[in-house]
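Working notes, structure below.
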Amino acid sequence: MAKTDVLKFSKEKQGYSCEFISVGKCAIQIDREKNGTLIIYAKIEGMEYALLYQYSSTQFNDNVIFELDVQKGLSVKIVSEVGVMSAKMAYEDEGL
């Protein structure tokens, strides 16, 4: 059964960011004020964030949806250069 979590973005120096622990394969939808660069990082505990993907402002509109498949348990950070109005992540909950 699919589960949905709200992702909370906060204002930072480089834009708006959100950090969470990966649940494995998931879909993420982000509704932003306008189109802009979107960067996704991941890290193993005790390490620094490493770049996974960087999407230019021409690749994504303001409302974007994409799949993310990062090993369960790793830290993920998403950075948007423009304001984020809402964001959600949907995934299969193995516990159900």
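The values are calculated or read from the model by the stated rules, or taken from the named source; none is laboratory data. Just so you know, these numbers come straight off a predicted model, no measurement behind them. No Cβ is skipped: glycine too gets one built from the backbone with ideal geometry, and neighbour counts run over all protein chains shown. Just the protein is used for accessible areas: all its heavy atoms, side chains included, with ligands, DNA and RNA removed. Shrake-Rupley method; radii C 1.70, N 1.55, O 1.52, S 1.80 Å.
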Can you give me the solvent accessible area of residue 75 with a 1.4 Å probe, rounded to the nearest 10 Å²?
20
Approximate spin-label separation residue 61-residue 27, in nm, with each point projected 7 Å along Cα-to-Cβ
1.6
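Quick one: length gained pulling residue 47 to residue 20 fully straight, 0.36 nm per residue minus the C-alpha distance? Each step should come with its number before you reach the end.
Values: separation 27, 0.36 × 27 = 9.72 nm, distance 1.52 nm.
Length difference between fully extended and current span is 8.2 nm.
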Solvent-accessible surface ranking, highest first, for 84, 64 at 1.4 angstrom:
84, 64
Summing +1 for each Lys or Arg and -1 for each Asp or Glu, what net charge is found among the other residues whose Cβ lies under 15 Å from the Cβ of residue 25?
-4
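I need the shape label for segment 1-50. Rule: rounded when a/c is under 1.5, else prolate if a/b > b/c, else oblate, with a, b, c from the alpha carbon gyration tensor. Present the calculation step by step, with values, prior to reporting the outcome.
On the way: a/c = 1.98, a/b = 1.06, b/c = 1.88.
It comes out oblate by the Cα gyration axes.
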Which entries in 3/25; 11/34; 8/72; 8/77; 13/72; 43/72 show an alpha-carbon gap greater than 21 Å?
13/72
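Please label the shape of the chain as rounded, prolate or oblate, based on the square roots a ≥ b ≥ c of the eigenvalues of the alpha-carbon gyration tensor (a/c under 1.5 means rounded; beyond that, a/b larger than b/c means prolate, else oblate). Please report the intermediate quantities before stating the final value.
On the way: a/c = 1.85, a/b = 1.27, b/c = 1.45.
Oblate, since a/c reaches 1.5 and b/c is not below a/b.
How high is the relative contact order of the chain, in percent, with contacts defined as C-alpha pairs under 8 Å that are six or more residues apart?
Values: 232 pairs, mean separation 45.9, N = 96.
It comes to 48 percent, rounded to a whole number.
Summarise the accessible area of the chain (1.4 Å probe, protein heavy atoms) by the percent that is carbon and sulfur. Before the final figure, lay out each step's value.
Details: 2930 of 6130 Å².
Carbon and sulfur atoms account for 48 percent of the accessible area of the chain.
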With a 1.4 Å probe and every protein chain left in place, work out the accessible area per residue of the chain in Å², rounded to a whole number.
64
